[in-house]
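*Asks:* Dropping the structure in here first, questions after.
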Amino acid sequence: MVGRFWQSDLFQVVGQCGSLLMFLVPAILPTHAWAQQVDDSGTIFLDRIDVTARKVEEPVQRIPFGISVFQSEDIERQRIRDARSFGRSVPGFNFVDTGLRGSNFPNIRGVGSFFPQSADDTSVPVFIDGVPVPVRAQDREFFDIERIEVLKGPQNTIYGRNAQAGAINVTTADPSPDRFFEIGGELGNFGSGRVTALANGPISKSLAGRIAAQFDTRDGYIPEFNFGGEVGEQELVNANGKLVWSPDDLTKATLALRYGNYDEQPAGGGWLEDPNFPRLFLDTLPSYEVETVGGGLTIQRDFDRATLTSVTGVQYYTLDFLSDDTDGFIFNALTGLPPAVFNVPGADFRTIRDEDIQFSQEIRLNGELANGTQWVAGINAFRSELEFDFTFNNTGFIFGDFHNEFTSTSFAAFGEVTVPVSDRLRAIAGLRFTHEMRDFDGMFVDRSGGTLGFNSQESEDESFNLATGRVALTFDFLPDLTGFASISRGAKAGGFQLADTDAARGLPNSRFDPAFTLAYEAGLRGSLFGGRINLSGSAFFNNTEDEHVQVFQPLTFQSVIENIDTQTYGLELEGAFRPIESLTFSGGLALLETEITGSDDPSVPTGNRVPFAPRVAANLAVQVEQPLSLLGHSGRAFGRAEYQYVGSRTVDPQNTFDIDSFNVVNLRAGWDSERVSVYGFVDNLFDETYAETAFLFGTNPAGQRVSVGIAGQPRRLGVGARLRF
């Protein structure tokens, strides 16, 4: 394994990181500052980080599995807006951008549903303030966030259904006791602009509130040669509200509400082999709108040695999508005919309409015994009702309407206990049992005049019993350095394909079995040298049975979920080093090997690699901060440079081809004080053109591959300011 890593991309990563350091360190650090500052300042501590990854607040050092954490200051400094913007900074986290906000998805360490096509087939669920977010609404803007925790490895024990590969735990900012208002704005290229507003303060002696709103707009950036102009414009509206009621010292009730509207013209995929990639030639301009409403009510009551918590969540979203199925450049490459031949407005398009309402309820009790044993136990109920309407208007493929309804209902009981075996050794054991029921009702209406299909109707149901859990040990080698080892079992239920195109041929909806992952992990986490260094490293091995993988068949232009077996293993390193008070280096490295070990699909041979899982990924950041007073205001000036590398990765389980590796450099600089903040940013400094995601579309008569690629973001730059009063 190690030999393959070194022979592939690792030398390139080391060289790029070295070049970045040679460029940045002299620019931001005087040559004498290091030794002088260390001698004068004494012990320098990196901030301690507390998390709620196991549903109780504890130091991140005690977590018995891989975890990456972004706190509010990290989120601001790095301009984290969504999973895409932090994904390349998390070792082992692979964000797959399909060009459609509701269809983007992550995998962790090569485990996950690849191009999920079921009603709720994620392997890395997102929880906001303890409430699960529907799959199609997970790729949302993060706004007014206190902390983001990326939990790696199976998390079903605590987080429940579908957390087979990990989970993302997002905590929004609580109201603070101080009354203040905040307004902000950004301006950038591509006509981008952002306006934010926030109000916070006490309402009464026991009640405090916080409300935040955001409006974000951007013009298109991918040339379109039929209608003219650029594709990719968007308008986003977000609003968060939070009320915290504390009638006494033992009781706390938190009501968190969210609204989002994402109106976009998705760029979609272009011909990947095009020398001028990315560009498009469309006869129907795409549109995509997702509206989400949701919230949660969390009630906590403290007792002598235990805390009772109830989390009630409701989520609703609608999605409307119109896309063109015949980009002229792609079909020109496929057939040799001029792009204009395929310019038949209204001839080849598809529409999607989703509507989903989701309810969740969890009640748990956690506490600590006299001997230091910590425990948590609870029950959970979940229900999702999804209506999915899908129209194909394609004379050469399908010409008809689909109406599918999916209902998922689950009940679970869980518990986990942490026992102090000695002053330095702790044993952890947890178990969860989930009963899940899935119902499907589908209908297809042919609109081709009966020549390409026929009407059909189908009703199916299935139920699954899933047992998951974790056993682990943690050991304090030093007061601030802890080792851990764990074995965990993750799972997600089977089900039915969302886009049931088989119905147009009179075939039943494709079913797939539940997936199970057995994960082994050992690592080390903590701080060294008086707190100057924070580090985390782990080695892992995952064995997955019946993973849900989409298999695309170019000859029929159909995709279906297949169950395959996989193995993934690798190493992850993550850390931060603060040699002086004003300077911090941070970074991460992920080395990953993947293999398909079993498949019933003859087009997917064993020995192939798992899709969208790069063998090497790395990131490096350098941040400098200095006290600086401006116009009588005390504040801090900061500068930050980030280098991110993503290695090549295969596009499908058939390993048809690999997407090229890419490098991205981002810069941040600004000044902030208690009341004022000004900053500037550049993303993708060198304007590298790269593909985030791709898939095989077909082969032309000359035997040449024709692929579709989703272009990464071009160089984006801008300035912003915030005022608090």
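The values are calculated or read from the model by the stated rules, or taken from the named source; none is laboratory data. This is a predicted model, so every value here is computed, not measured. FYI the Cβ positions are ideal-geometry reconstructions off the backbone, even for glycines, and counts take in every protein chain you see. Just so you know, the surface numbers come from the protein's heavy atoms only, side chains and all, with ligands and any DNA or RNA stripped out. Shrake-Rupley method; radii C 1.70, N 1.55, O 1.52, S 1.80 Å.
*Asks:* Say the cut-off is 18 Å between C-alpha atoms; which of LYS55/LYS492; LYS55/LYS152; LYS205/LYS252; LYS55/LYS242; LYS55/LYS205 go over it? It would help to have the intermediate numbers written out before the result.
*Replies:* Working: LYS55/LYS492 21 Å; LYS55/LYS152 15 Å; LYS205/LYS252 13 Å; LYS55/LYS242 20 Å; LYS55/LYS205 28 Å.
In this structure, LYS55/LYS492; LYS55/LYS242; LYS55/LYS205 lie more than 18 Å apart at Cα.
*Asks:* A follow-up question, please. If you take all C-alpha pairs in the stretch 166-262, what percent of them are over 17 Å apart?
*Replies:* Details: 2985 of 4656 pairs.
Distances greater than 17 Å cover 64 percent of the Cα pairs.
*Asks:* With the contact rule set at Cα under 8 Å and sequence spacing of 6 or more, what percent relative contact order holds for the chain? Walk me through the numbers on the way to the answer.
*Replies:* Working: 2067 pairs, mean separation 88.0, N = 725.
Computed value for the chain: 12 percent relative contact order.
*Asks:* Using a Förster distance of 41 angstrom, determine the FRET efficiency expected from the C-beta separation of PHE686 and ARG353, and round it to 0.05. It would help to have the intermediate numbers written out before the result.
*Replies:* On the way: r = 40 Å, r/R0 = 0.99.
Rounded to the nearest 0.05, the efficiency is 0.50.
*Asks:* Ranked highest first by average number of other Cβ atoms within 10 Å, how do 413-426, 626-639, 278-291 line up? The partial results should precede the final answer.
*Replies:* Working: 413-426: 15.9, 626-639: 13.3, 278-291: 20.4.
The most tightly packed comes first, giving 278-291, 413-426, 626-639.
*Asks:* With 5 Å bins from zero, work out the P(r) of the stretch 598-724 over every alpha carbon pair and list the percent per bin.
*Replies:* Calculated P(r), rounded to whole percents: 2, 9, 13, 14, 13, 11, 9, 8, 7, 5, 4, 3, 2, 1, 0.
*Asks:* Put ASP50, ASP480 in order of accessible area, largest first, 1.4 Å probe: what do you get? Write down the numbers at each step before the final one.
*Replies:* Numbers: ASP50 45, ASP480 80 Å².
Greatest to least solvent exposure: ASP480, ASP50.
*Asks:* Within the stretch 512-615, which chymotrypsin sites (Phe, Trp or Tyr not before Pro) sit in a loop by DSSP and count at most 14 neighbouring Cβ atoms inside 10 Å? Numbers along the way, then the final one.
*Replies:* Working: sites: PHE512, PHE516, TYR520, PHE529, PHE540, PHE541, PHE552, PHE557, TYR569, PHE577, PHE585, PHE612; in loops: PHE529, PHE557, PHE612.
Counting only loop positions with at most 14 other Cβ atoms within 10 Å, the chymotrypsin sites (Phe, Trp or Tyr not before Pro) in the stretch 512-615 are PHE529.
*Asks:* Please compute the per residue accessible area over the chain with all protein chains in place, 1.4 Å probe, rounded to a whole number of Å².
*Replies:* Working: 29300 Å² over 725 residues.
Result: 40 Å² of accessible area for each residue.
*Asks:* Can you pull the Rg over Rh of the chain, Cα-only, Kirkwood? All intermediate terms of the calculation are to be shown ahead of the outcome.
*Replies:* Numbers: Rg = 25.6 Å, Rh = 26.8 Å.
With Rg and the Kirkwood Rh in hand, the quotient comes to 0.95.
*Asks:* Just the Kirkwood number for the stretch 307-433, please: inverse of mean 1/r across all distinct Cα pairs, in Å, one decimal.
*Replies:* Numbers: mean 1/r = 0.0508 Å⁻¹.
Computed over the stretch 307-433, the radius equals 19.7 Å.
*Asks:* In the stretch 653-725, which GluC sites (Glu not before Pro) fall in coil by DSSP and have 12 or fewer other Cβ atoms within 10 Å?
*Replies:* On the way: sites: GLU674, GLU688, GLU692; in loops: GLU674, GLU688.
The qualifying sites are GLU674.
*Asks:* How are the Cα pair distances of the stretch 268-363 distributed, in percent, across 10 Å bins from 0?
*Replies:* Values per bin, smallest distances first: 14, 27, 18, 14, 12, 10, 5, 1.
*Asks:* Taking the Cα centroid of the stretch 344-422 and of the stretch 456-517, what is the distance between the two, rounded to the nearest whole Å?
*Replies:* Each part's Cα centre sits 12 Å from the other's.
*Asks:* Keeping the other protein chains in place, figure out the carbon and sulfur percent of the accessible area of the stretch 339-422, with a 1.4 Å probe. Intermediate values should be presented prior to the final figure.
*Replies:* Working: 2180 of 3590 Å².
Exposed carbon and sulfur together represent 61 percent of the surface.
*Asks:* Hey, what's the per residue convex hull volume over the C-alpha atoms of the stretch 51-196, in cubic angstrom?
*Replies:* Working: hull volume 18.9 nm³, N = 146.
Enclosed volume per residue, from the Cα hull, is 129 Å³.
*Asks:* Kyte-Doolittle mean at least 1.0 and Cα extent at least 20 Å along the axis: which DSSP H helices of the chain qualify? Working shown, then result.
*Replies:* On the way: long enough: 11-28 (26 Å, 1.67).
The qualifying helices are 11-28.
*Asks:* Here's a follow-up. Quick one: compute the contact order of the stretch 348-394, relative version, from alpha carbon pairs under 8 angstrom and 6+ residues apart, as a percent. Before the final figure, lay out the partial values.
*Replies:* On the way: 72 pairs, mean separation 26.2, N = 47.
Reported as a whole number, the value is 56 percent.
*Asks:* Given points 7 Å out from each Cα along the Cα-Cβ axis, report the ASP178 to PHE541 separation in nanometres with one decimal.
*Replies:* 5.2 nm
*Asks:* HN-Hα J couplings of the stretch 349-361 from phi, Karplus 6.51/-1.76/1.60, θ = phi - 60°, integer Hz, Gly and Pro as x?
*Replies:* Each residue of the stretch 349-361 in turn: 8, 9, 10, 10, 10, 10, 8, 9, 10, 10, 10, 9, 9 Hz.
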